[in-house]
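First comes the structure, then the notes that go with it.
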Amino acid sequence: MDADVIVIGAGLAGLVAADEAANRGRKVLLLDQEGPQSLGGQAFWSLGGLFMIDTPEQRRMGIRDSLDLARNDWMGSAQFDRPEDENPRKVAEAYLEFAAGDMRPWLRGLGMRWFPVVGWAERGGALAHGHGNSVPRFHITWGTGPGVIAPFVARVQEHVKAGRITLKHRYRVTALDVTNGAATGVSGDVLGDDNAVRGASTNRDIVGGFSLKAGAIVVTSGGIGGNHDLVRKRWPTDRLGTPPAKMVAGVPDHVDGQMTEVAKAAGAGAINEDRMWHYTEGLQNWDSIWPNHGIRILPGPSSLWFDALGNRMQAPFMPGFDTLGTLKRILSTGHGHSWFILTQSIIKKEFALSGSEQNPDLTSGKWLEVIKARLGAKGAPAPVEAFKEHGADFVVAETLDQLVDGMNRITPDQPLDVAHLRGQIEARDAQIDNPFAKDAQIIAIRQARAYRGDKLIRTVKPHRILDPAHGPLIAVRLNILTRKSLGGLHTDMNAQVLRADGTPFDGLFAAGEVAGFGGGGYHGYNALEGTFLGGCLFSGRAAGRSV
């Protein structure tokens, strides 16, 4: 054998699996089709948010959380309803216990720390037994995505120096070798060296081939978000509606799902491939790194959200509340875009952009940088102001008439009626001065400000949208942004891949997004955020401890 274990994919799940296997004395080959500049995969680009339960950070912010409450939220969001959801449900239960127990001490022991204000993502906004987080649980890691992968990169590099792990970059696996029903090796292409910056497209020049043998194979190759043809093929039209003609890519184009197809061709079972997670607040990146590069707005609760026809969207389809419900609502118009209308006061306090590169203050891990960017700046954080100035999706104007003229210039195929918009905005504004309200969004804003974390840095004081004192007015055209697969290779609690008939596929394991973050889809239908990185950590650890 060339190694005891071959790990395919050097993203977060692959790094964790390789580290755990090497810690147990296994000789590991870690393969990745990209170059060393891409070590850490998609996690590098993330905001570094982790879903954890009943933490010191929560308690210091006055948040009362518990495993029981988190379980109720998770199961209400997952809505498991298929026979094949047995393993995903078991993995979800185990992850919840991990997130309420060993997760924080384990990561803290590796050097991770978290921003003290816990974020409140996916608030739900409908029923207590349905989708959403009842309390804030989104813990942003100091250093964002690079801060999450850093300890595992360091540990893998230590193993490399000690000879326990061998890293092979530009190795693209195209086949799994199966002997007597067991996975025994991999084969594929060696690709030509490419010094493109992290995330940019690299060449697919084949300069050689390889065939490697091992006692166990771990697939950690990620999802499908960079392959829009495959996204559309798996799109659940019956649940979400027709996929939009135009989408922006939240991940590099090498996130193409091809390794899933390789594993399936060898006999691996895959489940819940129609479950997926795409964002509704995507922007075209004015300074792209990968093709069709999209960036997500992480909105506070105050922007007014209108569909492509100019109709204000009803609760719970409000900023930050119900991602897939809002996606379905947007697509019901027959269009793939929607609009935020807001003020300079709102964008200054409430707009953040997802990703490590869009949050240099948090990525720096320095308090002074955060204070300068979030509290001391005259405008919004610099990356947001840059999008406002250069982004193709932004319109800025002093009056509503001017604003709508600008909106119609960038969407001439679906013009908006200024009188229709004005009537809805004025009706909303009329409820601001009264301490009572029937507008669900105003009620939600006031509840958000009851949480001191939101009041401090995420939710502006309610004001009239058409008040010139809070101007100028801003409109943002929002695109659908592809991101995560919620289904994938079917695995058991030990990360072992199962065949289509549910029997174990000897020698084959999977972790991370390629396995639906565990079990073949431990999210069910909906994610509560912070559960993508968390799932990579949890399932990668399980795989590394099983091989």
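Listed here are the residues, each with its yes/no results for (1) in a loop (DSSP other than H, G, I, E, B); (2) open to solvent by 60 Å² or more (accessible area, probe 1.4 Å).
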{"site": "Gln424", "(1), (2)": "no, no"}
{"site": "Arg428", "(1), (2)": "no, no"}
{"site": "Lys438", "(1), (2)": "yes, yes"}
{"site": "Gln447", "(1), (2)": "no, yes"}
{"site": "Pro462", "(1), (2)": "yes, no"}
{"site": "Ala469", "(1), (2)": "no, yes"}
{"site": "Ile474", "(1), (2)": "no, no"}
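Tally the residues that are in contact with a helix residue (DSSP H, G or I) (Cβ under 9 Å, 6 or more places away or on another chain) and part of a helix (DSSP H, G or I), restricting the search to the stretch 237-257.
2
Residues that are farther than 16 Å from Phe210 by Cα and not aliphatic (A, V, I, L, M) within the stretch 158-197 comprise Glu158, His159, Lys161, Gly163, Arg164, Thr179, Asn180, Gly181, Asp194, Asn195, listed in sequence order. Looking across Leu110, Leu69, Leu31, one residue alone is in contact (Cβ under 8 Å) with a residue 24 or more places away in the chain, surrounded by fewer than 23 Cβ atoms within 10 Å (Cβ to Cβ), out of contact with any helix residue (DSSP H, G or I) (no Cβ under 8 Å at 6 or more places or on another chain) and not polar (S, T, N, Q). It is Leu69. Look at (1) part of a helix (DSSP H, G or I); (2) within 30 Å of Val153 (Cα to Cα) and you find that Gly111 fails only one, number (1). Scanning the stretch 490-547 for residues that are outside any strand (DSSP E or B), surrounded by fewer than 24 Cβ atoms within 10 Å (Cβ to Cβ) and either of a type in the set (Val, Ile, Thr) or more than 15 Å from the chain's Cα centre (by Cα) (or both) gives Asp492, Met493, Asn494, Ala500, Asp501, Gly502, Thr503, Arg541, Arg545, Ser546.
When Gly11, Gly48 are checked against the criterion of being touching a residue at least 60 places away in the same chain (Cβ under 8 Å) and either closer than 30 Å to Leu176 by Cα or open to solvent by 10 Å² or more (accessible area, probe 1.4 Å) (or both), a single residue qualifies: Gly11.
Number of residues in the stretch 383-416 that are surrounded by fewer than 17 Cβ atoms within 10 Å (Cβ to Cβ), of a type in the set (A, V, I, L, M) and part of a helix (DSSP H, G or I): the value is 2. Among the strands (runs of 3 or more DSSP E) confined to the stretch 138-228, there are none with at least 2 residues that are within 30 Å of Arg59 (Cα to Cα), open to solvent by 50 Å² or more (accessible area, probe 1.4 Å) and touching a residue at least 60 places away in the same chain (Cβ under 8 Å).
Taking the criterion of being among the small types (Gly, Ala, Ser) and in contact with a strand residue (DSSP E or B) (Cβ under 9 Å, 6 or more places away or on another chain), the residues of the stretch 240-287 that qualify are Ala249, Gly250, Gly257, Ala263, Ala265, Ala266, Gly267, Ala268, Gly269, Ala270, Gly282. Residue check: Gly119 meets all listed conditions (1) of a type outside the set (S, T, N, Q); (2) at pLDDT 95 or above; (3) open to solvent by 40 Å² or more (accessible area, probe 1.4 Å) but one, namely (3). Report whether or not Leu368 is among the aliphatic types (A, V, I, L, M) and modelled with pLDDT under 95. Judged against the criteria, Leu368 is a match. Mind checking which residues of the stretch 343-363 are part of a helix (DSSP H, G or I) and either free of Cβ contacts under 8 Å to residues at least 40 places away in the same chain or among the aliphatic types (A, V, I, L, M) (or both)? Once the filter is applied, which keeps residues that are part of a helix (DSSP H, G or I) and either free of Cβ contacts under 8 Å to residues at least 40 places away in the same chain or among the aliphatic types (A, V, I, L, M) (or both), the stretch 343-363 yields Ile346, Ile347, Pro360, Asp361, Leu362.
The values are calculated or read from the model by the stated rules, or taken from the named source; none is laboratory data. This is a predicted model, so every value here is computed, not measured. Cβ: placed from backbone, ideal geometry, glycine included. Neighbour counts: every protein chain shown. Accessible surface is based on the protein model in full, side chains and every heavy atom, while ligands, DNA and RNA are left aside. Shrake-Rupley method; radii C 1.70, N 1.55, O 1.52, S 1.80 Å.
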